[in-house]
Structure formats: structure tokens, C-alpha cells
Amino acid sequence: QGTRDHPPAQVALRDRLLSAVVSCFKRHGAAAIDTPVLELREMLIGKYGEGTKLIYELQDQGGELLALRYDLTVPFARYLAMNKITKMKRYHVAKVYRRDSPATARGRYREFYQCDFDIAGQFDPMIPDAECLKIVHEILSDLQLGDFVIKVNDRRILNGVFAVCGVPESKFIPACITVDKLDKMPWEEVRSEMVGEKGLSPEAADRIGEYVQLHGGLELIERLLQDPKLSQNKLAKEGLGDMKLLFEYLTLFGITGKISFDLSLARGLDYYTGVIFEAVLLQQENEHVEEPVSVGSVAGGGRYDGLVGMFDPKGRKVPCVGVSIGIERIFSILERRLEASGEKLRTTETQVLVATPQKHLLAARLKLISELWDAGIKAEMLYRKDPKLLKQLQYCENTGIPLAAIVGEQELADGVVKLRDVATREEVRM
């Protein structure tokens, strides 16, 4: 449950999608790394907030307590700490595992791909963060998925809001996790969860509500910088100062039209320390489907300056910021779109089919196809001694092979090959 086999057409579509994402990561100068699918259990526990319940735990014969990786960020932080790396720009495309209740219609599985891009190192504030947002903007524009918005917030601003609203520090993370549900639940339900389950006072919850329902751009940041309560809080002030700087850089990148500073964005993971962001596709208007498809978040990330230090024996910190592209959800949309359009996706890359029109010419086909393979040309032939020409051409049409190289008795006698364009039926001898 929650996993699936991918037939050739799906793999072809996924490869096309992944190559678009990876080419963007490479354009921004990232190098690829790979890490094991297994991690020590203790490396993962306590890094994901409520997500810790969803970690797949395993035990090997040596009695080591292991777990399947839950994301690609914690393994990256461990990799940096183990190898004493203090500066790196990397991408990683690999499968991760979550013991979640699958919602396959919405692209949520127990085994799925993640595509991560991260910048580790000590740099001037908000320059790497702005680049991560630019990457999300580039990828979502490139894939033409329809309209989207990238919500941005900062953990320090949120913590400042909780502090000035009278939330005790021990309840910041539980409050954060509840606020993060505002995109799925109305404020009334979020408020009652805060008071009922998380033990906040009704007054504190109401005060939080005044802030977390705000969203906007630079003008909102300016307004909050003047806010009598927030401007007294050191954390919130720092966060708002950086947010203002971030928006200046995003203006220079020309992408603020798709960016919204949104105080309800919390992202449920424990390790975020600064800027956090999430890209959401806006309702898809689709002529072929009555129900518009809403797949929610398709990318997310943020700054996690304390994570590497958790793995370093000396607690040395390496500031990091990164983004993860929700490839499975995007894949679900593209898959539906392909079905609706009726377009057939080629699952192979064969350029030419070697064909013969008469009997007893298998040797000629084998010699020619061998020459083509040796020359690096992608070629196929039918595995029959004497196939009918019509059947061979039909195979080209069914699989999308554009050319047929035909060798008959006449061609052999003349030392030529007849090349046929399958779609137009034009032929040339060469």
C-alpha cells in the first residue's frame, strides 16, 4: 500500500520531468551527491516534529537500530558534519520513505522521489535564500503547471509573534505545527486545536489569529516593523529585517509577482531556523475534468542553521538553506494532463528500424543493425526471420520510430539502403 509500479510511459514522463528539474539545479552551479537509503535511527529521530511518527524503523542482524531516510535534508546535514565540509552547493534526487496514510489521488505515497537543492556555508544574509526562491520560480514556470504562488515566512517572525501573544517558549513548536494547518482548515478549527489540544489560553490564540491571517508584500513587512509589540521582540525584528532584504533581492530577480509574505506559513519540521517557503499551485481550471485538481504544495524549503551542528561532535554549525521540489505531486498533474490530451508518449528512443521486404534476408538485417549500433545509432529490428514489410512499418507507427532502413534484394545488389520517413512515407536511396 502506498507504493506503485511505474510502466514505461510513466517512467518516460518522470524522466522528462526530472531532467527539467536537474538542468535547473545544474544551471545554478550545484553538484550531485548520493547517500545511503538507510540511516542510523538516532540520526533521524527528533528532527521532524510530528513527522517522527512516520519514520520506517528497521533492525539489522548486528542489532543496529536503523531507519529508512525520511527526507534528503537530514542525511545531507549528517554528510556535511561527517566529512567536515563547511561550504557546498548540492542537489540530490532520490527516493524517501514515510509510513504515512497514502492519498494516492493527491500524489501522496509511502515511497516517493524528492529533488533537493541546498546551499551550505557562511554567506551574507538572504543572497542564497533569494536564489532558492528563484529556482522554485524557474522550475514551476518552466513546467507550465498553471498559476502558482510562493508563500514566504520566517520562523523567527513566527516565534516573535508567539512570544508577544503570550505563548510560553515550550509551546512554540506545537503552536507552529497547528498554525501550519491554516491552509487546510479554517481559523476557527485551528484556534480550537490550539486551545483544546495544545493548551494555549483563548486570549493568546485570539492574539495569534490577528497576525497569522495577514499576508502581503513589502508594505506588510514595513507595517510589522512599525508594530508596537512585534518591533520590541528581538527575534521578530531580526526576521522582519531579513525579510525586507529578501524582498529587495526578489524584486531584482523580477519574481515578486508570485511571492506572498504569509504569516500563516509555518512548515511542520523542527529543524527550520529562519526563512521558510512553500509553493502552492492555484486551482487548476481544466476543461476536460469537472472537478478542478488542487494538489496543494508542490515545493517547500527554508533555512536550517542548526542541523549540521547536531551531528558534529564539536557542535560546529554550518548555516544551510535549501528547497525540495514535490516531484510526485507535479507528476500526478502532468499524468492527468497527458491522459486528458490523449497524446501518446514515446517510451523508447529508437531512431531507426532495420526492415527487409523479402524473405531470407535476416543476415542483411543483422549486418546493417550491427553497423548502426557500432556507430552509436539507436536501432531496432523485429525478432522474426521473415517478417512482412507491413508489419515492420506498423511497428514503427505504434512505437513512434521515425525512420525505417529498408534493405531488399535490389538494394543489396546496388550496395544502397532505402531510408523511409515513416510519417510522410517519403523514401530516399543512400
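The values are calculated or read from the model by the stated rules, or taken from the named source; none is laboratory data. On a predicted model such as this, the values are computed, not experimentally measured, just so you know. Here the Cβ positions follow ideal geometry from the backbone for every residue, glycine too, while neighbour counts run over all protein chains shown. Calculation scope for accessible area: heavy atoms of the full protein, side chains included, ligands and nucleic acids excluded. Shrake-Rupley method; radii C 1.70, N 1.55, O 1.52, S 1.80 Å.
What pairs can you find where one residue is in region 8-19 and basic (Lys, Arg), the other is open to solvent by less than 40 Å² (accessible area, probe 1.4 Å), and their Cβ atoms are less than 8 Å apart, with a gap of 6+ or different chains?
Correct list of pairs: 14/327; 14/331.
Test residue 318 against the stated conditions and say whether it is open to solvent by less than 20 Å² (accessible area, probe 1.4 Å) and not assigned by the TED database to the domain that holds residue 117. Write out each step before concluding.
Details: open to solvent by less than 20 Å² (accessible area, probe 1.4 Å): yes; not assigned by the TED database to the domain that holds residue 117: no.
No: the conditions fail for residue 318.
Mind checking whether some residue in region 326-340 is acidic (Asp, Glu) and in contact with a strand residue (DSSP E or B) (Cβ under 9 Å, 6 or more places away or on another chain)?
Scanning region 326-340 turns up at least one residue that is acidic (Asp, Glu) and in contact with a strand residue (DSSP E or B) (Cβ under 9 Å, 6 or more places away or on another chain).
I'm checking my understanding of the structure. Among residues of region 99-127 that are part of a loop (DSSP other than H, G, I, E, B) and over 19 Å from residue 302 (Cβ atoms), which one is most open to solvent (accessible area, probe 1.4 Å)? Can you show your working first?
Taking region 99-127 as the starting set, the residues that turn out to be part of a loop (DSSP other than H, G, I, E, B) are 99-102, 107, 109-110, 121-126.
Next, from what is left, pick out any that are over 19 Å from residue 302 (Cβ atoms): 99-102, 107, 109-110.
Details: 99: 118, 100: 32, 101: 77, 102: 40, 107: 8, 109: 17, 110: 53 Å².
Among residues in region 99-127 that are part of a loop (DSSP other than H, G, I, E, B) and over 19 Å from residue 302 (Cβ atoms), the one most open to solvent (accessible area, probe 1.4 Å) is 99.
Which pairs turn up if I take residues in region 176-188 that are within 18 Å of residue 51 (Cα to Cα) and look for partners that are charged (D, E, K, R) with beta carbon separation below 7 Å, at least 6 apart in sequence or on another chain?
Matching pairs, first to second residue: 177/50; 178/193; 178/198; 180/267.
Spot the failing condition for residue 409; the list is (1) of a type outside the set (Ser, Thr, Tyr); (2) in contact with a Lys or Arg (Cβ under 9 Å, 6 or more places away or on another chain); (3) not assigned by the TED database to the domain that holds residue 76, and only one is missed.
With respect to (1) of a type outside the set (Ser, Thr, Tyr); (2) in contact with a Lys or Arg (Cβ under 9 Å, 6 or more places away or on another chain); (3) not assigned by the TED database to the domain that holds residue 76, residue 409 is out only on (2).
Considering 86, 3, which residue is outside any helix (DSSP H, G or I), at negative phi and outside the structural domain of residue 121 (by the TED database)?
Every option except 3 fails the conditions.
Tell me whether region 28-46 contains one or more residues that are touching a helix residue (DSSP H, G or I) at 6+ places or on another chain (Cβ under 7 Å), open to solvent by less than 30 Å² (accessible area, probe 1.4 Å) and modelled with pLDDT under 95.
The answer is yes; a qualifying residue exists.
Go through (1) touching a Phe, Trp or Tyr at 6+ places or on another chain (Cβ under 6 Å); (2) crowded, with 20+ Cβ neighbours inside 10 Å; (3) closer than 27 Å to residue 14 by Cα and name the single condition residue 130 misses.
The single condition residue 130 does not satisfy is (3).
Would you tally the residues in region 351-366 being surrounded by fewer than 14 Cβ atoms within 10 Å (Cβ to Cβ) and over 18 Å from residue 390 (Cα atoms)?
The initial filter retains those residues of region 351-366 that are surrounded by fewer than 14 Cβ atoms within 10 Å (Cβ to Cβ), namely 358-360, 363, 366.
Remaining after also requiring over 18 Å from residue 390 (Cα atoms): 363, 366.
Here the count works out to 2.
Run residue 31 past the list (1) touching a residue at least 24 places away in the same chain (Cβ under 8 Å); (2) farther than 18 Å from residue 116 by Cα; (3) among the aliphatic types (A, V, I, L, M) and report the number of the one that doesn't hold.
The failed condition is (2).
Considering every residue within region 280-288, establish whether at least one is closer than 22 Å to residue 135 by Cα and either at pLDDT 90 or above or among the aromatic types (Phe, Trp, Tyr) (or both).
Yes.
Tell me the residue from 77, 67 that is open to solvent by less than 20 Å² (accessible area, probe 1.4 Å), in the same structural domain as residue 15 (by the TED database) and part of a strand (DSSP E or B), please.
67
Of all the residues that make up region 147-174, how many are at pLDDT below 90, open to solvent by 40 Å² or more (accessible area, probe 1.4 Å) and either in a loop (DSSP other than H, G, I, E, B) or in contact with a helix residue (DSSP H, G or I) (Cβ under 7 Å, 6 or more places away or on another chain) (or both)?
Selection size over region 147-174: 3.
I'd like to know if region 348-355 contains one or more residues that are under 15 Å from residue 421 (Cβ atoms) and not aliphatic (A, V, I, L, M).
There is at least one residue in region 348-355 that is under 15 Å from residue 421 (Cβ atoms) and not aliphatic (A, V, I, L, M).
Tally the residues that are exposed (fewer than 12 other Cβ atoms within 10 Å of the Cβ) and under 11 Å from residue 346 (Cα atoms), restricting the search to region 1-10.
Going through region 1-10 one residue at a time, the tally reaches 1.
Return the pairs, sorted by first residue and then second, in which the second residue is open to solvent by 20 Å² or more (accessible area, probe 1.4 Å) and in a strand (DSSP E or B), the first residue lies in region 56-74 and is of a type in the set (Gly, Ala, Ser), the beta carbons are less than 6 Å apart, and the residues are 6+ apart or on different chains.
67/57
Being outside any loop (DSSP other than H, G, I, E, B), under 23 Å from residue 134 (Cα atoms) and either at pLDDT below 90 or open to solvent by 70 Å² or more (accessible area, probe 1.4 Å) (or both): is that true of residue 53 here?
Criteria not met by residue 53.
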